[in-house]
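Beneath this line is the structure, given in structure tokens, with notes to follow.
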Amino acid sequence: MTFSLNRNVIRWIIIASSFIIISLILWNTYTFFQNFKAEERSKMKTWSLAQKELSKTLDLNTDIGELPLSILSSNSTTPMINVSNDGSLGYNNIDEEKAQDSLYLIKLIEKFKSENEPIQIRYKDEIFSTVYYGNSPLLNKLKYYPLALLLIILLFAAVVYFFYRSSKIAEQNKLWTGMAKETAHQIGTPLSSLVGWTEILKTENVNPEYIVEIEKDIDRLQTITERFSKIGSAPTLKTMDIVEVTKSSYEYLKLRSSKLINFEIIIPDREIQVNLNEQLFSWTIENLVKNAIDAMKGKGDLKLELTQLENQVFINISDTGKGIPKASFTKIFEPGYTTKKRGWGLGLSLAKRIVEDYHNGKIKVLTSELGKGTTIQIILKQV
């Protein structure tokens, strides 16, 4: 208990630390972006002052000097548009072909206004021109850096989560496998005793029909024991007649179910060979039939139909139960999912594992309508 508590505390400390580190990285990146943007504005102000000096020298008809020209020529990255007070436009670091379109420049001015506050160049207490400038390519790339960093962190977190989840599922699978094998072992001891007691009953004056039924249930228990013992191990598949195996499993449940259920089976009158593990496949049929019976609350119509198309075998099990919402078509096959007050929610997940993992087939909800019933379909390959 203490170990589990300490592990949870450590886990939350790691999560909190990771959150703090991520927040600091994002904050520092944002601060760097803002500082870089302030530097660009300072550079543009310097450029504006150089432009002002240029205007003075042109007005006074004197030499310009090297410094203003050097500053004006140093801007090779920041896109800008200089709008004079007479309405004429000058531009720098903008595509020459696009700049020939005045409407394009007007749209660009609006964009630059949304990115940065325009800089007014004043001369003799009048606005000589207004500089509209956008973000440099480097600043635009830097703008998306926090998003890229956040995406990388989210991807890393997703990898860690799925690794942790896979490890947890692997542990659970080991636990279920161990429990299943232990259950098979525990059933084996009283089962052996029942076989012995059956032999003793045969020597007594007991109705033979009773003994036959007891032996059927003993065979049933032996089948269940074999099923549990096979969980977690790769099952052996044999070429078998799927028609006979399906019919046998279905008829067994029919004899032991409520008389209020109308059982119907539609199967071909010929053999269809499929690679099967008889115990596990019959377990799947029984799980689906029992699930259908539960959905109908012990009263309704239940139909099993087996058909063949080309090299595939289709088994449809239909009921007239409460139906399944479309959003839950895939959820019902997840371990632990159940709508019943009692039960572990393992029947359909076991059926999915047996069909898809062991028999390389498919199982799905074919159709379902709330209040009218459900049809679940199994698809297997014919030999």
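Remarks
- Prolate/oblate/rounded call for region 202-290, Cα gyration tensor, a/c under 1.5 rounded: oblate
- Cross-link pairs beyond the 24 Å C-alpha cut-off, checked among Lys174/Lys322; Lys290/Lys362; Lys174/Lys247: Lys174/Lys322; Lys174/Lys247
- Summing +1 for each Lys or Arg and -1 for each Asp or Glu among the other residues whose beta-carbon sits under 14 angstrom from that of Asp217 gives -1.
- For a paramagnetic label modelled on Gln382 (point 7 Å from Cα along Cα→Cβ), amide N atoms under 15 Å away belong, within region 278-320, to 306-315.
- Rough spin-label spacing in nm, given labels placed 7 Å along Cα→Cβ, for Lys247 and Arg220: 2.1
- Reachable aspartates and glutamates from Lys37, criterion Cα separation under 12 angstrom, eight or more residues apart if same chain: Glu115, Glu117
- A crude spin-label estimate for the pair Ala327 and Ser193, with each label 7 Å from Cα along the Cβ direction, gives 5.0 nm.
- Ranked from largest to smallest solvent-accessible area, with a 1.4 Å probe on the protein heavy atoms, Val9, Val159, Val206 come out as Val159, Val9, Val206.
- FRET efficiency, 1/(1 + (r/R0)^6) with R0 41 Å, evaluated for Leu150 and Glu369 via beta carbons: 0.40
- Simple label model, 7 Å out from Cα along Cβ direction - Ser114 to Asp357, nm: 5.3
- Per-residue SASA remark: Tyr210, around 140 Å² accessible (1.4 Å probe; ligands, DNA and RNA not included).
- Per-residue accessible area (protein heavy atoms, 1.4 Å probe) orders Ser318, Ser129 as Ser318, Ser129, starting from the largest.
- Accessible-area composition of region 197-278, carbon plus sulfur, in percent [1.4 Å probe]: 52
The values are calculated or read from the model by the stated rules, or taken from the named source; none is laboratory data. This structure is a prediction, so every number in the text was calculated from the model and none was measured. Neighbour counts run over all protein chains shown; Cβ positions are idealised from the backbone, glycine included. Keep in mind that these areas ignore ligands, DNA and RNA; they rest on the heavy atoms of the full protein, side chains included. Shrake-Rupley method; radii C 1.70, N 1.55, O 1.52, S 1.80 Å.
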